[in-house]
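Derivation of every value follows stated rules applied to the coordinates shown; laboratory data play no part. Given the structure is predicted, the values throughout are model-derived calculations rather than measurements. Cβ atoms come from the backbone with ideal geometry, glycine included; neighbour counts cover every protein chain shown.
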Amino acid sequence: MTGPDTRRGGEPFFNVPTSVLVAITLLIIIHSALSFVLENPVEILLDYGFVAARLLLLFGDDPLNEILAQARSLSNGADAARLAALARYTLEDDAAKPWTMLTYALLHGSWTHLAVNAIWLLAFGAPVARRFGGSRFFALLAFTAFCGALFHFFSHMDAVEPLIGASASVSGAMAAATRFVFQPGAPLGPFPLQGENGYLLRALSLRETFSDRRTLVFLAVWFGVNFITGVMSPAFMGGDTIAWEAHVGGFIGGLFGFRFFDPRR
């Protein structure tokens, strides 16, 4: 088999599709620039991260005064000042910046954040990239990033904290992989086929997906982990939260949007 993710001999480079390596390399370059080159990385995170309240400006709703009033009602002065500063910075220029529903996925808050996403992208993005090819793989990542931002928006319409990270896209790749990696002959199924053949089997329909025991176990574990790390994280992380709604949005986008990207449908 030849294509955008294979070399002349047909074997993937380092057993990882080129498109996955390109995606991870791009994330590393961007985070390196934020960490070591740019003088004001926080401004980049605020300008290109997805701010849910900012998107309200697209619909003619300006939440700035309401959020400033909310800030004044806070008993903790530091929290009040921080919320007011974020609201003024992200909303006073009256720019909705809808493109940040994609660009936020290129940014990360720490090397640990980036490393976790890169590891999961290697694991689940690789089979998807082998099946889809490079262009469709990147299209899926963009689509699921958008889905993650959309779910985050409907869950936190008045939030001025920027959403950043590729987690929604990674979740989308995981969901897409569940449509074809668990059946017999597939890479994670019984009796896996050798070489690329296991990645090119007929994908499960949605009905078959929700009837397959391995897939159901994976879905249960995935949603359980996201519930624990997302909903319960403030109790264990000093008040910090994980944007689990964006993860769910990306996952649902990958699961249900799979057929629109699969070249073998």
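Rounded to the nearest 500, what is the chain's calculated 222 nm mean residue ellipticity when only DSSP H runs of at least 4 contribute -39500 (n - 2.57) each, over all residues?
Numbers: 13 runs with 142 residues, N = 265.
-16000 deg cm²/dmol, from helical runs alone.
Quickly rank 42-51, 165-174 as a protection proxy: mean count of other C-beta atoms within 10 Å, highest first.
Numbers: 42-51: 19.5, 165-174: 29.4.
The packing order, highest mean first, is 165-174, 42-51.
Stretched out fully, how many nm does the piece from Arg264 to Ala85 gain, at 0.36 nm a residue minus the Cα gap? Each step should come with its number before you reach the end.
On the way: separation 179, 0.36 × 179 = 64.44 nm, distance 4.97 nm.
Extending this stretch completely gives an extra 59.5 nm.
With a cut-off of 8 Å between alpha carbons and a minimum separation of six or more residues, what is the relative contact order of the chain in percent? If you can, show how the numbers build up before the last one.
On the way: 389 pairs, mean separation 58.6, N = 265.
Dividing the mean separation by the residue count of the chain yields 22 percent.
For a Förster distance of 35 Å, can you work out the FRET efficiency between the beta-carbons of Val37 and Ala78, rounded to the nearest 0.05? Show your work: numbers first, answer last.
Numbers: r = 30 Å, r/R0 = 0.85.
Approximately 0.75, to the nearest 0.05.
Which one of His108, Val181, Gly165 is farthest out on the positive end of the charge dipole of the range 107-215, using unit charges on Cβ (Lys, Arg +1; Asp, Glu -1) and the Cα centre as origin?
Val181
I want to verify a result. In a Gaussian network model of the chain, Cα cutoff 10 Å, which of these has the top mean-square fluctuation: Ser73, Ser155, Ser35?
Comparing Ser73, Ser155, Ser35 in a Gaussian network model of the chain, the most mobile one is Ser73.
Within the chain, which whole H helices from DSSP have a Cα span along their axis of at least 27 Å and a mean Kyte-Doolittle hydropathy of -0.5 or more, if any? Can you show the working numbers first?
Details: long enough: 134-155 (32 Å, 1.36).
Helices passing the filter in the chain: 134-155.
Can you tell me the order of 120-130, 144-154 when each peptide is scored by its average per-residue count of other Cβ atoms within 10 angstrom, highest first? Mind showing how you got there, number by number?
Working: 120-130: 22.9, 144-154: 24.5.
Going by the mean number of other Cβ atoms within 10 Å, highest first, we get 144-154, 120-130.
Sort the following peptides by mean Cβ neighbour count (other Cβ atoms within 10 Å, averaged over residues), highest first: 17-28, 86-97.
Values: 17-28: 19.6, 86-97: 16.2.
Descending packing order for the listed peptides: 17-28, 86-97.
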